[in-house]
Each structure stands twice: as structure tokens, then as C-alpha cells.
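A short write-up of the structure that comes next.
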Amino acid sequence: GAVVSQHPSWVICKSGTSVKIECRSLDFQATTMFWYRQFPKQSLMLMATSNEGSKATYEQGVEKDKFLINHASLTLSTLTVTSAHPEDSSFYICSASEGGTDTQYFGPGTRLTVL
Amino acid sequence: GDSVTQMEGPVTLSEEAFLTINCTYTATGYPSLFWYVQYPGEGLQLLLKATKADDKGSNKGFEATYRKETTSFHLEKGSVQVSDSAVYFCALMMDSSYKLIFGSGTRLLVRP
């Protein structure tokens, strides 16, 4: 089946630094990628939707200058958390879709801890 | 806005017990409904889905029926196994957006 990977699986950084998370579709072309954030014991909240070669569409309340999303190829999307602060600590999950379909394939997630 | 409500967990069952995880939704239109499962250390996987009222999704012994009149999509399995231990997420998608709206997830623990 379709596989989506994320790297790193976990990261610890100091407050004020930036962190980049990669999301790759390993065996299919991902026209659309989604980025979610999950707090402990809570649901996945959609942060943004990105289509290859286009600017990402952010959900209401998500700061686009803080969470930079790049989807430069059909197999790679990146999320950069800029000037991270402790409140940005969370579990970030990406998913990928081949486009024109309701099926999303999810990555295993990245746990970010900001000290 | 559109939303999904799931029963809180954890749900603890003995092997071969009957499972029900309740899910209800609120939507302005006619969404597609999904159940995703997350095994420890892995990404969410699609378990089953239904795209219109009265449809039944099924996979691996799990079933859920799209009930428009009660706005529900309860997940059931007749006989659970230890390997079913995971977190189960109910979700909806409105046709035009391809965006998923998730419930809070229900952890299932099946004891031998």
C-alpha cells in the first residue's frame, strides 16, 4: 500500500530556533498534502493544505508566517516551525493524497518538544 | 461548524467480546464518513468508509453504517482480538474540500 514517511520522528529544540519537518510519499505522487497538529488525548486538527507547486492554504487561526509549508515536488512537503516556543510543542502529522480522491495516507508523525 | 463526537476511552475488553464505539456528527451537508485506526508507533490507516446514507463500510471484521436520521456512524466488531488494540478515529469529509474533520479518538485495549 501507499507509504508516507516523516522525518524526524522526534525533535527537541531550544526556544527561538526553527525546526523543519519533512513528509515524503514513498511510492506514489502526492498532488495534495495535509498537515495536522495533535495535542495529547485530543483530535487531529488540520493546519493547512498544500498542492504541489502552489502556496499552502491555511486553516483559520493558523499563523502562516510561523508554520511555513513548502510542497515543491510530488513526493515531498516540508513544515518549518519558525522561532519555536514551548507552546508549539506538539505532535505534527502529515498526510498525502493522489488528488481528486478522498483517500489520505498518513505519516507516523513527528513529536516536537520546544524547551 | 462541522464536527465529530466520539465516545471517550479507553475502552477495555476481553478477547472475543463485542465492540461498539459510538460516533455522531454534525454537518451542514452530506459528508462522507470514515473510521481510521492508529496502531502504536504507526500512522493512521483507513479502516472503512461510507459515502452516503445507509451505506455500510466493512473491513477486517469491523462494520459501520451511515445513519442519516441519527447522524451516526458507530463502529462495531463481533469478536475483538488482542491485535485490535489501537486508537480509533471517526472522521467526516465534505465532498468538495477533501478536508478531514476528526473526532478525538477512542483507545481500545483488548486483554487476552
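Each reported figure results from applying straightforward, stated rules to the coordinates on display, with no laboratory input. Not measured: the values here are computed from a predicted model. Every residue, glycine among them, receives a Cβ derived from its backbone with ideal geometry; neighbour counts consider all protein chains shown.
Could you work out Rg/(2.2 N^0.38 Å) for segment A:5-51, with Rg from alpha carbons only?
So the Cα radius of gyration is 1.36 times the expected 2.2 N^0.38 Å.
For segment B:52-112, what are the per-bin percents of Cα-Cα distances with bins 10 Å wide, up to the bin holding the maximum?
P(r) over segment B:52-112, rounded to whole percents: 19, 47, 28, 6, 0.
How long are the semi-axes of the equivalent ellipsoid of segment A:9-115, defined as square roots of 5 times the Cα gyration tensor eigenvalues? Whole Å, largest first.
Working from the Cα gyration tensor, I get semi-axes of 22, 14, 13 Å.
How high is the FRET efficiency between B:T28 and A:T101 when r is their beta carbon distance and R₀ equals 25 Å, given to the nearest 0.05?
Efficiency, from the Cβ-Cβ distance: 0.65.
Within a 10 angstrom radius of the beta carbon, how do B:Y36, B:Y30 rank from fewest other beta carbons to most? Intermediate results must be reported in sequence, preceding the final value.
On the way: B:Y36 24, B:Y30 12.
Ordered from fewest to most neighbouring Cβ atoms within 10 Å, B:Y36, B:Y30 come out as B:Y30, B:Y36.
So what are the radius of gyration and Dmax for the Cα set of segment B:8-112, in Å?
13.4, 44
Could you order the peptides B:37-44, A:54-61 from most to least packed, using the average number of other C-beta atoms within 10 Å per residue?
Ranking the peptides B:37-44, A:54-61 by packing returns B:37-44, A:54-61.
At R0 = 30 Å, how high is the FRET efficiency between B:M94 and A:N51 if r is their beta carbon distance? Nearest 0.05 is fine.
With a Förster radius of 30 Å, E is 0.95.
Over the protein assembly as shown, what lengths in whole Å, largest first, do the semi-axes of the equivalent ellipsoid take, defined as the square roots of 5 times the eigenvalues of the alpha-carbon gyration tensor?
30, 20, 16
Summarise the partner chain shielding of B:88-94 as one whole number: the mean count of Cβ atoms from other chains within 10 Å of each residue's Cβ.
Whole-number average of other-chain Cβ neighbours for B:88-94 is 1.
Can you bin every Cα-Cα distance in segment A:58-115 into 10 Å intervals starting at zero and give me the percent of pairs per bin, rounded to whole numbers?
For segment A:58-115, the pair-distance distribution reads 19, 48, 29, 4, 0.
Given the pairs A:K20/B:K60; A:K64/B:K68; A:K55/B:K56; B:K77/B:K99; A:K14/A:K64, which are separated by over 29 angstrom at their Cα positions?
A:K20/B:K60; A:K64/B:K68; A:K55/B:K56
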